[in-house]
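Novice: Take this structure first; my questions come after.
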Amino acid sequence: MMRRIWSAAARRRFSSPLLSGALALALLALLVSVPISGTFTRPLFAADSYTLEKVTEAPPAELPAALRGAVRADALQVKGPGGSLCEIWLRLSVPVAAAPSTELGITFGQIAEGTLLGVMRIAAPATDYRNQKIKPGLYTLRYADNPVDGNHQGVAPQRDFALLSPVTEDADPGTITRDEAIKRSAKTTGTKHPSVWSLWPGDDSAAAPALHFQDDMQIWLLNFRLPLAGGAQLSMGMVVVGHAPEA
């Protein structure tokens, strides 16, 4: 009889809302503290406070002369919780491809692969869209398309990317081949894989430049207008913080 009474009392104690809530919080704390597969990556939040400022700042003096003459005299500066993250000097005029691509999944088919889009200064250690570590320094941004194969499916909603290459390896603004662009960009990562920065369709009706957090993809997207040869403006976005879900 006593055993039944104790069991019933115990059940009442463990079923109380206060104790149940405490147990749930303890379990949540345990789950959060245990890494999955040896690693744990904290998700991004809008409250991480990345900001954008358009600054009147000439391209760095150490930039090769040919590149300095090809980019704007003002920069798009992205700052994070720890200070300046990067600065981008967009190209003054981007050449238009003689035969625009109409392949599936390509947004910016009017730009030939290997075309210079601008120059980027990484001010603090960063990661690209493939979650590869990038050292501070000066880099070129060249347009490229993701190949259609099993190794790259689902990496991003579209196949458009910018490849980041050290200016010491890429000092001429002229358009180069896709293979050469990949080769130079691999110098950034020190691997066989280039440093890739995902490009997204821009919004012609929205203000630009602008920086916003996209919660569903956990990314910070920089939107800007890229001037094309002939005077047209191309709305484009680039992921500056965050990476592919499987990276």
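Values quoted throughout were computed directly from the atomic coordinates according to the rules given, and no laboratory measurement underlies them. What you see is a predicted model; the values in this text were computed from it and never measured. Note: ideal-geometry Cβ built from the backbone for every residue, glycine included; neighbour counts use all protein chains shown.
Novice: For each of Ile122, Ile111, Ile106, count neighbouring Cβ atoms within 10 Å of the residue's Cβ, then give the residues from fewest to most. Please report the intermediate quantities before stating the final value.
Specialist: Working: Ile122 20, Ile111 28, Ile106 17.
Exposure proxy ranking, most exposed first: Ile106, Ile122, Ile111.
Novice: Would you mind putting 220-229, 127-136 in packing order, based on average other-beta-carbon counts within 10 Å, highest first?
Specialist: On the way: 220-229: 18.6, 127-136: 16.8.
Listed from highest to lowest mean packing, they are 220-229, 127-136.
Novice: Lysine pairs, Cα distance under 16 Å, 8 or more residues apart or cross-chain: how many in the stretch 46-241? Walk me through the numbers before you get to the answer.
Specialist: Numbers: Lys54/Lys79; Lys133/Lys187; Lys133/Lys192; Lys135/Lys187; Lys183/Lys192.
Going through the stretch 46-241 pair by pair, I get 5.
Novice: I would also like to ask the following. Within a 10 angstrom radius of the beta carbon, how do Val241, Val196 rank from fewest other beta carbons to most? Walk me through the numbers before you get to the answer.
Specialist: Numbers: Val241 20, Val196 27.
Fewest-to-most Cβ neighbours within 10 Å comes out as Val241, Val196.
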